[in-house]
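Only the coordinates and a few stated rules stand behind these numbers; no lab work does. All figures in this text were calculated on a predicted structure; none of them were measured in a lab. Here Cβ is always computed from backbone atoms with ideal geometry, including for glycine, and neighbour counts include all displayed protein chains.
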Amino acid sequence: MPRAIRIHETGGPEVMRLEDADIASPAEGEVQVRHTAIGVNFIDVYFRRGLYKAPAMPFTPGQEGAGLVEAVGPGVTEVAVGDHVAYAGLPGSYAEVRVAPAARLVKLPPGIDDRTAAAMMLKGMTAEVLLLRCARVSRGDTILFHAAAGGVGTITVQWAKHLGLRVINSAGKDPGQIQNDRWFPRADVGGMDFGINAGYNVSERITITVGMDFRNFFYTMNSRLEDFAVPTGTMSTEARRPVAGGANDMYFAGIIAARYSLR
């Protein structure tokens, strides 16, 4: 019998239990997928802790995965048995086998393996929203991306360079790390133009290293809204258009919404 992680009460990691799971046969428009890899995202922690309310208890966490199609229900034309697929935004991925709507699956091309697909679906969509929907960047724009060494940052920075943007990354928060600002190792991802140690006053470091007034940046980005809610002059509160992709406390969203606009 396949197994899945089940959460019967919210709390720390200890509330996750590995249990046998009954898997129903796929109904019309559904597919049975055997996971070969799953994505692990911080939103999973929010649900496990109870910060975000699960639709029912017990529940299986996780929203992202990839694997092999084992069976298809009636009317399925999008994928076939034996296809490698991936998805995001479908709760219940911490499982060996699951049933999912065929319309929500992406058939993987030969050049993308299951582990890569499981790791990039949600992060890639976040990058797309930040760059092309929230910011709507244009070639030649300058952006500052906080926490650039993370999963979203790694994808966003590469995408930004492909679009012809000037990219300044920040990463790390240890002020004891004395590094060359231009190529701060932890920020060196995706062909950046500059890398800044976030453990220092970012505004000052950018002025010195890049030779550009921080307030002239067109966009400052991060997938975590918390990094915007800091004292003026240290992070992106001086930027012309801050763009963020997530928060674990609506307090931070309120700060930004009161001063700027959130799309």
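The ellipsoid that matches the Cα gyration tensor of the stretch 44-128 has semi-axes, each √(5λ) in whole angstrom, of 23, 17, 10, with the longest given first. Electrostatic tally near ALA21: other residues with Cβ closer than 14 Å to its Cβ, Lys and Arg +1, Asp and Glu -1, net +1. Of the chymotrypsin sites (Phe, Trp or Tyr not before Pro) in the stretch 30-113, the ones in a loop by DSSP (not H, G, I, E or B) with at most 13 other beta carbons within 10 Å are TYR52.
Taking a temperature of 10 °C and a viscosity of 1.306 mPa s, what whole-number D in µm²/s does Stokes-Einstein yield for the stretch 8-155 with Rh from Kirkwood over alpha carbon pairs? Intermediate values should be presented prior to the final figure.
On the way: Rh = 16.8 Å.
The Stokes-Einstein estimate is 95 µm²/s.
Across all directions of projection, what mean area in square nanometres is found for the Cα convex hull of the stretch 80-179? Let's see the in-between values first.
Values: hull surface 37.0 nm².
So the mean shadow area of the Cα hull is 9.2 nm².
Note on ASP20 and LYS53: with the Förster distance fixed at 25 Å, the Cβ-Cβ geometry gives a FRET efficiency of about 0.45.
Rank-order 99-105, 140-146 by packing density, defined as the average count of other C-beta atoms within 10 Å over each peptide's residues, highest first.
On the way: 99-105: 17.6, 140-146: 23.0.
Peptide ranking by packing, descending: 140-146, 99-105.
Note on ALA71 and HIS8: their simple-model spin labels are 2.7 nm apart, each label 7 Å out from Cα toward Cβ.
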